[in-house]
1. Can you work out D for region 43-82 in µm² s⁻¹ from Stokes-Einstein, where Rh is the Kirkwood radius over C-alpha pairs, the temperature is 37 °C and the viscosity is 0.692 mPa s?
2. Mind checking the per residue accessible area of region 1-98 for me, 1.4 Å probe, whole number of Å²?
3. Taking the Cα centre of region 1-87 as the origin, how large is its charge dipole in debye, to the nearest 20, when only Lys and Arg (+1) and Asp and Glu (-1) carry charge on their Cβ atoms?
4. For THR79, what residues show an amide H to amide H distance below 5 Å, using hydrogens built from the backbone and excluding near sequence neighbours?
5. Order ASP15, ASP84 by their accessible area, 1.4 angstrom probe, all chains in place, largest first.
6. Return the long-range amide H neighbours of ARG111 (sequence gap of 5 or more, or a different chain), with a cut-off of under 5 Å between placed amide H atoms.
7. Show me the trypsin sites (Lys or Arg not before Pro) within region 10-102 that DSSP assigns to loop and that have at most 16 other Cβ atoms within 10 Å of their Cβ.
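The values are calculated or read from the model by the stated rules, or taken from the named source; none is laboratory data. The model shown is predicted, which means the values in this text are computed figures rather than measured ones. Because the Cβ atoms are built from the backbone with ideal geometry, glycine has one as well, and the counts that use them run over all protein chains shown. Only protein heavy atoms, including side chains, enter the accessible area calculation; ligands, DNA and RNA are left aside. Shrake-Rupley method; radii C 1.70, N 1.55, O 1.52, S 1.80 Å.
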Amino acid sequence: MSLRAGRCHIRSVQDRDYARLEEIYRGHEASSLPKGYFEMFQDTIRDDQVLYLVAEVNGKVIGGGGISGYAVATQASLTFGIVDIDECRKGYGTALMLTRLLLVCPRSEGRQIVLQATEWSAPFFGRLTIGRS
């Protein structure tokens, strides 16, 4: 299997993106994201300590994903990666994941990258496994 990153523009989140990201999140809640985390998501996308990125296609935000601890700690966490339901399986999640990995400062002693997968997102991460045939 080969990975394909969707062609999109990735940039830092801005205040004007919050409502759209929340709409995308709500579209996944209870189907591919567990219920009960919406307020945590809202806090995360607004947190100055989280580098939260958005992906745009033709000027429309179609997804996002964050990194916490990306610059100073020995561990970085990938957090709240989402893509609009209508835009899934087009490579945009892969583009967001690869961009976030590129932005994690590796430090001379290395860095541990942590992510949490739900039962619904585990297949996405399975497709990213290097060396699978």
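1. It diffuses with D of about 306 µm²/s by this estimate.
2. 54 Å²
3. Here region 1-87 has a charge dipole of around 300 debye.
4. GLY66, ILE67, SER68
5. Result, largest first: ASP15, ASP84.
6. Excluding prolines and chain starts, which carry no amide H, there are no hits.
7. Sites meeting the loop and neighbour criteria: LYS35, ARG89.
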